[in-house]
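Inspection log for the structure reproduced underneath, given as structure tokens.
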Amino acid sequence: MAPIEEKVKRLLSKHFDENEIIFEDNPDGRVSAIIVSEKFVDVDDLQRQEIIWNLFYNEISKVERWQIIGFIAATPAEYKRLLVPDF
């Protein structure tokens, strides 16, 4: 695991349970993840991103931020729909 991924995982784990965080495999070493949590119920997309990014506010440098692709934030029901869309 790359140092930035370890740092991101540690910071996310302060707010989310470890089994709620699914890291994607990025061959270039950058970090992206899906966070599936009940904490996102009744929270709009912008607020979800603010919750996540505020965890990093004083903890990572600008250079490290460039190594983060982004995060998908979903409730368990939304994640289930992502995996099995209705047609």
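Under a Gaussian network description of the chain, with springs only between Cα atoms under 10 Å, the residue in Lys39, Lys62, Lys14 that fluctuates furthest is Lys62. Accessible surface for the chain, divided over its residues, is 69 Å² per residue with a 1.4 Å probe.
The alpha carbon gyration tensor of the chain gives principal lengths a ≥ b ≥ c with a/c of 1.5 or higher and a/b greater than b/c, which makes the shape prolate. Computed on the chain, with alpha-carbon pairs under 8 angstrom and 6+ residues apart, the relative contact order is 34 percent.
Sequentially through region 9-26, phi angles give Karplus couplings (6.51, -1.76, 1.60; θ = phi - 60°) of 4, 4, 5, 5, 5, 5, 10, 10, 5, 4, 6, 8, 10, 10, 7, 8, 8, 10 Hz, Gly and Pro residues having no value and appearing as x. What residue among Leu11, Leu55, Leu46 shows peak mean-square fluctuation when the chain is described by a Gaussian network model with Cα springs under 10 Å? Looking only at Leu11, Leu55, Leu46, the largest GNM fluctuation is found for Leu46. Each stretch of four or more DSSP H residues adds -39500 (n - 2.57); spread over every residue of the chain, this sum gives -10000 deg cm²/dmol at 222 nm. DSSP beta bridges confined to the chain are antiparallel in about 35 percent of cases.
Measuring nothing but protein heavy atoms, the accessible surface of the chain at 1.4 Å probe radius is 53 percent carbon and sulfur.
The values are calculated or read from the model by the stated rules, or taken from the named source; none is laboratory data. It should be emphasised that the depicted structure is a prediction, and the values quoted were computed from it without experimental measurement. Note: accessible area is taken over every heavy atom of the protein model, side chains too, but ligands, DNA and RNA are not part of it. Shrake-Rupley method; radii C 1.70, N 1.55, O 1.52, S 1.80 Å.
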